[in-house]
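Here the structure is laid out as structure tokens; the discussion comes afterwards.
The values are calculated or read from the model by the stated rules, or taken from the named source; none is laboratory data. Predicted, not measured: the structure shown is a model, and the values here were computed from it. Note that we place each Cβ from the backbone using ideal geometry, even for glycine, and neighbour counts take in every protein chain shown. When the accessible area is computed, the model is the full protein with side chains, heavy atoms only, and any ligands, DNA or RNA have been set aside. Shrake-Rupley method; radii C 1.70, N 1.55, O 1.52, S 1.80 Å.
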Amino acid sequence: MEEKNIWLRIAYDGTGFCGWQRQPGKRTVCGRLEEVLTSLLGVPVKLNGTSRTDAGVHALGACASFKAPVRIPVDRLPKAINDRLATDRLEGVGDIRILEAREMPPEFHARFSSKGKRYLYRIYNSPQRDIFRRNYVYQVSEPLDIDAMRKAAAHIVGEHDFAGFMSQGSTPQESTVRTVYSLSVTKTPESGDAALITVAIEGSGFLYNMVRIITGTLVEVGLHKRTPESVALAVKQADRSLAGHTAPPQGLYLDEVFYDSADFAPLNQ
């Protein structure tokens, strides 16, 4: 049977995983999906993912693709996969869910065909810690100055060398120049003095821990530990020591991966 090129849109709770990338002897998102797909289709399946998220990082709209002889109608693939993933938890809801499946042209690749991504980072700003949110937000007890964070964010938007916002010891890159299309900071008040702050960032691509370092830097600005202008210097100098701390993984969500609309035109479902 001829192979099909299948694209998947995926949501997952990263709490119980050692990240996306397959690792021997460890539970990963990619590894678990490959196990299910291999069992379901009866052939070895290797996924090409768009982002190698770290342990504890979540996804609302991650993407991956694979090539395999698929006998199941493509529009029924999500249910078939989700039914098997549901056995991972006693309540019948797995911590991975396939949101959509499409057949793509042979040359399509989930990672290399992507044009950009949007990440969300969620901060629970409250004097009182919430144990029920500990795996899903960054909890900051001191009040954050949102206006200062927004001023700092403006210095990050644009095409820059973001070497100063990449974790030291990362895999060497051919180029550390990236384009940030937009970076917003919004505040949603909750009960009492609590608020949920969301950092939303869209870009052409991101270096290792870039979003978490940007967020950590903005938090330090919000706490008045650094000025908005210092962020402009950190960007200009491309020096990791001039940027802020790396925010923890649990507040980070891969929200959406962008593609050319033409990639999705010749569907065959």
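Some values worked out for this structure:
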quantity	calculated
Residue-normalised accessible area of the range 163-269, given per residue in Å² at a 1.4 Å probe	47 Å²
Positive-end residue, the chain charge dipole about Cα centroid, Cβ charges, pick of Y259, Q128, S114	Q128
For the range 166-239: rounded, prolate or oblate by the Cα gyration tensor [a/c cutoff 1.5]	prolate
Accessible surface, the range 1-52, averaged per residue in Å² (probe 1.4 Å)	47 Å²
Portion, in percent, of the accessible area of the chain that falls on carbon or sulfur, probe 1.4 Å	49 percent
Out-of-range pairs (alpha-carbon distance over 31 Å; input K115/K225; K26/K151; K79/K187; K67/K236; K67/K187; K117/K225)	K115/K225; K26/K151; K79/K187; K67/K236; K67/K187
Three-way shape label, the chain, alpha-carbon gyration tensor, a/c 1.5	prolate
Area of D255 that stays accessible when all protein chains are in place (1.4 Å probe, Å², to 10)	30 Å²
